[in-house]
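I am attaching a structure below and will ask some questions about it afterwards.
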Amino acid sequence: MNFLVRQKARELLKSGNFLIKNNPSSLRNKFLGKVRKVTVVTAAYNAEKFIRKTIDSVVNQSIGIDQIEYIIIDDCSTDGTNKIIQEYTAKYKNICSVTLQENNGSPGTPRNIGIELGTSKYITFLDADDWLAHDGLETLYNILEETGDDYVVGKTVKVESKSESVIGEFASIKERRSITPMDVPHFFYHMGPTARMMKLPMVKENEIGFPNLKFGEDKWFFTDVFFKVRAVSTTKKPIYYVNRTSENPSSLTRATNVLDKRKADLEVIRYIQSKDIANELKKAALNRIYEYDIVKTFDSQTFVKSKHKNDFIEILREAVETTKALSYDFKNEFKEPIYKCAIDLFMEDRIDDFVKLFEWLKRDPNKKYHIIDGLPYYELPFLKDDYRYVRIPMLARAIDSFVMDNVYHQSFEIYGDDLDNIDSVLIRDRKRIDNEINCEVQIEDNRGHFTVSLDKIDRMEKSLFAVFIRYNDYQLVNIKRILKNKMIYNNKNVEFYTTVANNLGLAIKSLE
């Protein structure tokens, strides 16, 4: 089935029901013969608060604004967005503005207009409330030029009011060149338009575009990209900053109801199922949606606190219904054992147990772990059958620590499938992405040990830090340290805890 999702954009461009300035395909530009290195596309709607910063981040790129074809599509804004855009089109002849007369309700069609108008070798997308790193375009462009690859992705930084973090770290954890999407197990899990550049002819010739969906248009587009690319690259360098500050409460991602997101996912599932592609690619793309988007939605306070749990359940029923058309058991593709347990319960129509599982995950602070045949398991206290114990991919628990000669020593026990693939211990700032330490780690059987000098710690910026074990390049597991165990028995609070002197203590208090 061939979905011509760019057809609406073509019809709009033919209709003349829009205003355009500095058209890249104008006779003037063709006569001058100026071909820019990269096309940047921004779909804008009521973005006056942030769009100046967005545009400035393109204008000030290290690659040079004269090497950029910047196409900004104003989707019939009702605020001052268009006025700001016009300031830049008057100043820069290679900034093209397209002003639409009717709103599309989605960035899909405006982005497709950018694809249709683009004339460069490469294309990238920038949302109207986000911004690029100063050398972001040059970094991506140089990698594609050096490798000849179809696609490259770098680091996406989510900026919140009091913190920042990396989105889809697996896609930017190290420098990779000329690999396939299947060479990174979670490659299909980071599907936003951020921090990526690709060959524009590949997009155009394969009829790749964004559907006019309010949510999920990125997954549709990038699954098609990944189905067509021959080789991709990744880089550790920061490329793109996503604006999730409190000053930006109206971003589409935040404004879209979670149930509407999952309904859009059903559309994407049906589209992927319609594709005539290799089964390996189809499995990877679909599992991202079945497990990471739909089932993982239940592993959230949004679901646990919801008074309309049946609405979530019905969407899952619809998703499971779509799996009947598959030639394989979709559950076997799940990467998280706890989610596979959940879907197994659901398929057995044990809906109460399915709901209890996620309530327990989100609410029980004292989960019980077991080591069985050298592997870690959760014990699910509300189940008495084959689901009583569920595998955990990796479990680490602190054993002992001390300081000697200004060096901190920490030992821990660790269990899981990937002990041979442990890379390091990561001490990471909870609020900043550039304030962290990687420590060498020694593993022998199920015991581990790492050290870090107090001098190294002293050079870190003041903050609060999390301590992880890094394995398989990008996966992280916390080192658990249980300082308190609370329970209620015979109308008393019983609590084992760590004293100020670092000794084991016990407190018994009446509930009355």
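Based on this model, can you work out whether Ile371 counts as in a strand (DSSP E or B), in contact (Cβ under 8 Å) with a residue 40 or more places away in the chain and closer than 25 Å to Lys480 by Cβ?
The answer is yes for Ile371.
Condition check ((1) small (Gly, Ala, Ser); (2) assigned to a loop (DSSP other than H, G, I, E, B); (3) more than 27 Å from Met191 (Cβ to Cβ)) across all residues:
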site: Ala90; (1), (2), (3): yes, no, yes
site: Asn104; (1), (2), (3): no, yes, no
site: Ile113; (1), (2), (3): no, no, no
site: Ala128; (1), (2), (3): yes, yes, no
site: Glu138; (1), (2), (3): no, no, no
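Thr234 versus (1) out of contact with any strand residue (DSSP E or B) (no Cβ under 6 Å at 6 or more places or on another chain); (2) modelled with pLDDT of 95 or more: which is the lone unmet condition?
(1)
Moving on to the next point. Within region 448-473, take every residue that is at negative phi and touching a residue at least 60 places away in the same chain (Cβ under 8 Å) and give me the one that is nearest to the chain's Cα centre (by Cα).
Of everything passing the filter in region 448-473, Tyr471 is nearest to the chain's Cα centre (by Cα).
Follow-up question, since we're still on this one. Can you tell me which residue in region 199-221 is farthest from the chain's Cα centre (by Cα), limited to those that are within 23 Å of Asp293 (Cβ to Cβ) and among the aliphatic types (A, V, I, L, M)?
Taking the candidates together, the pick is Ile208.
Still on this structure: Assuming Ala195 fulfils every condition listed in (1) over 27 Å from Ala9 (Cα atoms); (2) at pLDDT 95 or above; (3) small (Gly, Ala, Ser); (4) crowded, with 18+ Cβ neighbours inside 10 Å apart from one, which condition is it?
Ala195 satisfies all of (1) over 27 Å from Ala9 (Cα atoms); (2) at pLDDT 95 or above; (3) small (Gly, Ala, Ser); (4) crowded, with 18+ Cβ neighbours inside 10 Å except (1).
Collect the residues in region 115-126 that are assigned to a helix (DSSP H, G or I) and buried (at least 21 other Cβ atoms within 10 Å of the Cβ), keeping them in residue-number order.
Residue satisfying the conditions is Ile115 alone.
Let me ask something else about it. Condition first: exposed (fewer than 12 other Cβ atoms within 10 Å of the Cβ), among the hydroxyl-bearing types (Ser, Thr, Tyr) and either at negative phi or modelled with pLDDT under 80 (or both). Can you find one or more residues in region 496-509 that meet it?
Checking region 496-509: at least one residue is exposed (fewer than 12 other Cβ atoms within 10 Å of the Cβ), among the hydroxyl-bearing types (Ser, Thr, Tyr) and either at negative phi or modelled with pLDDT under 80 (or both).
Please go through (1) out of contact with any Lys or Arg (no Cβ under 8 Å at 6 or more places or on another chain); (2) open to solvent by 20 Å² or more (accessible area, probe 1.4 Å) for Ile95 and return the number of the only condition it doesn't satisfy.
(2)
Turning to a different aspect of this structure: Please verify whether region 281-293 includes one or more residues that are over 25 Å from Tyr377 (Cβ atoms) and either β-branched (Val, Ile, Thr) or open to solvent by 50 Å² or more (accessible area, probe 1.4 Å) (or both).
yes
Is there any pair linking a residue in region 131-144 that is farther than 12 Å from Tyr241 by Cα to one that is open to solvent by 50 Å² or more (accessible area, probe 1.4 Å) and outside any loop (DSSP other than H, G, I, E, B), with Cβ under 8 Å and at least six apart or on different chains, and which?
That search, which allows pairs on different chains as well, returns Asp135/Lys237; Thr139/Lys237; Ile143/Arg177.
Go through (1) in contact with a Lys or Arg (Cβ under 8 Å, 6 or more places away or on another chain); (2) open to solvent by less than 40 Å² (accessible area, probe 1.4 Å); (3) not aliphatic (A, V, I, L, M) one by one and return the number of the condition Lys37 breaks.
(2)
How many of the residues in region 127-163 are open to solvent by 50 Å² or more (accessible area, probe 1.4 Å) and of a type outside the set (S, T, N, Q)?
Of the residues in that region, 7 qualify.
Does region 44-88 hold any residues that are in contact with a strand residue (DSSP E or B) (Cβ under 8 Å, 6 or more places away or on another chain), under 22 Å from Ser106 (Cβ atoms) and part of a loop (DSSP other than H, G, I, E, B), and which are they?
Matches in region 44-88: Tyr45, Phe50, Asp75, Cys76, Ser77.
Condition check: assigned to a strand (DSSP E or B), surrounded by fewer than 12 Cβ atoms within 10 Å (Cβ to Cβ) and among the hydrophobic types (A, V, I, L, M, F, W, C). Does Ile437 satisfy that?
no
Follow-up question, since we're still on this one. Could you figure out which of (1) of a type in the set (Val, Ile, Thr); (2) open to solvent by 10 Å² or more (accessible area, probe 1.4 Å); (3) farther than 22 Å from Thr194 by Cβ; (4) in contact (Cβ under 8 Å) with a residue 40 or more places away in the chain isn't true of Thr89?
Against the list (1) of a type in the set (Val, Ile, Thr); (2) open to solvent by 10 Å² or more (accessible area, probe 1.4 Å); (3) farther than 22 Å from Thr194 by Cβ; (4) in contact (Cβ under 8 Å) with a residue 40 or more places away in the chain, Thr89 comes up short only on (2).
Check Ser424, Ser463, Ser453 and return the single one that is modelled with pLDDT under 90 and of a type in the set (S, T, N, Q).
Ser463
Starting from region 36-55, take each residue that is under 17 Å from Arg196 (Cα atoms) and list its partners that are buried (at least 24 other Cβ atoms within 10 Å of the Cβ) and basic (Lys, Arg), counting only C-beta distances under 9 angstrom and pairs at least six apart or across chains.
Short answer, once both residue conditions are applied: Val41/Arg111; Thr42/Arg111; Ala43/Arg111.
Please specify each residue of region 354-365 satisfying the condition of being over 16 Å from Pro337 (Cβ atoms) and open to solvent by less than 60 Å² (accessible area, probe 1.4 Å).
Val355, Glu359, Asp364
Moving on to the next point. Can we say Ile315 is within 28 Å of Val258 (Cα to Cα), within 26 Å of the chain's Cα centre (by Cα) and at pLDDT 95 or above?
Yes; evaluated as a whole, the condition is true for this residue.
While we're on this one: What tally of residues in region 444-479 results from selecting those that are outside any strand (DSSP E or B), touching a strand residue (DSSP E or B) at 6+ places or on another chain (Cβ under 7 Å) and under 15 Å from Ile399 (Cβ atoms)?
Count: 1.
Restricting the first residue to region 397-410 and requiring it to be over 10 Å from Thr451 (Cα atoms), which pairs with a second residue that is among the charged types (D, E, K, R) and surrounded by 14 or more Cβ atoms within 10 Å (Cβ to Cβ) meet a Cβ separation below 6 Å and a spacing of at least six or different chains?
Arg397/Glu413; Ala398/Arg481; Ile399/Glu413
If I filter region 388-434 down to residues being aromatic (Phe, Trp, Tyr) and over 27 Å from Pro337 (Cβ atoms), which single residue comes out as most open to solvent (accessible area, probe 1.4 Å)?
Phe402
The values are calculated or read from the model by the stated rules, or taken from the named source; none is laboratory data. Just so you know, these numbers come straight off a predicted model, no measurement behind them. As a convention, Cβ positions derive from the backbone with ideal geometry for all residues, glycine included, and neighbour counts pool all protein chains shown. Just the protein is used for accessible areas: all its heavy atoms, side chains included, with ligands, DNA and RNA removed. Shrake-Rupley method; radii C 1.70, N 1.55, O 1.52, S 1.80 Å.
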